[in-house]
Amino acid sequence: MDEISPILFFKYYQKNLHFKIIDIRNTKDFELYHIEDSVNIPYQLLIEKHYLFLNTTHTYFIICKNGDKSYHACKLLCRLGYHVVNVIGGIDHFMGSVVSKFA
């Protein structure tokens with residue numbers, strides 16, 4: 001399983017590289033704020049129905065609030081053959097722009 005530091009993840013994000021970010025927080029939290037262009041697939045849904053959302057030819061950056069759930073999700077998804085990267089520290093440590101309903 002791969003992991004990426006918040007600093008390196010932010011550098012990739014700044015370069016506008018086209019990679020897939022999956023935010024596994026609950027929908028309510030995602031709607032409050034999230035990384036622009038990320039997709040919300042709550043943790044339990046992603047674990048139970050991964051085959052509906054993922055394929056083995058893409059790389060996915062998995063993010064949660066603080067890195068704990070994304071770590072566990074990545075461990076499981078990696079064993080299932082997906083190329084996933086855990087964003088260490090989660091969105092709490094992301095230094096970039098977020099979309100907020102309060103903006």
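Every number in this text was worked out from the coordinates using simple rules, so none of it is lab data. Please read all numbers here as calculations on a predicted model, not as lab measurements. Cβ sites come from the backbone with ideal geometry, for glycine too, and all protein chains shown count toward neighbours.
Do we have Ile91 as touching a strand residue (DSSP E or B) at 6+ places or on another chain (Cβ under 8 Å) and assigned to a strand (DSSP E or B) here?
No: the conditions fail for Ile91.
Scan segment 3-13 and give yes if some residue there is out of contact with any strand residue (DSSP E or B) (no Cβ under 6 Å at 6 or more places or on another chain), free of Cβ contacts under 8 Å to residues at least 60 places away in the same chain and assigned to a loop (DSSP other than H, G, I, E, B), otherwise no.
Among the residues of segment 3-13, not one is out of contact with any strand residue (DSSP E or B) (no Cβ under 6 Å at 6 or more places or on another chain), free of Cβ contacts under 8 Å to residues at least 60 places away in the same chain and assigned to a loop (DSSP other than H, G, I, E, B), which makes the answer no.
With the requirement that a residue be closer than 14 Å to Val85 by Cβ, hydrophobic (A, V, I, L, M, F, W, C) and not in a strand (DSSP E or B), what does segment 29-68 give you?
Leu54, Cys64
For segment 14-28, give me the residue count where each residue is more than 13 Å from Gly90 (Cα to Cα), touching a residue at least 12 places away in the same chain (Cβ under 8 Å) and not in a strand (DSSP E or B).
From segment 14-28, those more than 13 Å from Gly90 (Cα to Cα) are 14-20, 26-28; that's our starting set.
Subsequent filtering for residues that are touching a residue at least 12 places away in the same chain (Cβ under 8 Å) retains 14, 19-20, 26-27.
Of the ones still in play, those that are also not in a strand (DSSP E or B) are 14, 19, 26-27.
Qualifying residue count, segment 14-28: 4.
Within segment 14-36, restricting attention to residues that are closer than 15 Å to Leu46 by Cα and of a type in the set (Val, Ile, Thr), which residue is surrounded by the most Cβ atoms within 10 Å (Cβ to Cβ)?
Just the residues of segment 14-36 that are closer than 15 Å to Leu46 by Cα, to begin with: 20-27, 30.
Next, from what is left, pick out any that are of a type in the set (Val, Ile, Thr): 21-22, 24, 27.
On the way: Ile21: 22, Ile22: 22, Ile24: 24, Thr27: 12.
By that ranking, first place goes to Ile24.
For segment 39-78, how many residues are crowded, with 17+ Cβ neighbours inside 10 Å, of a type in the set (Val, Ile, Thr) and more than 17 Å from Asp92 (Cβ to Cβ)?
1
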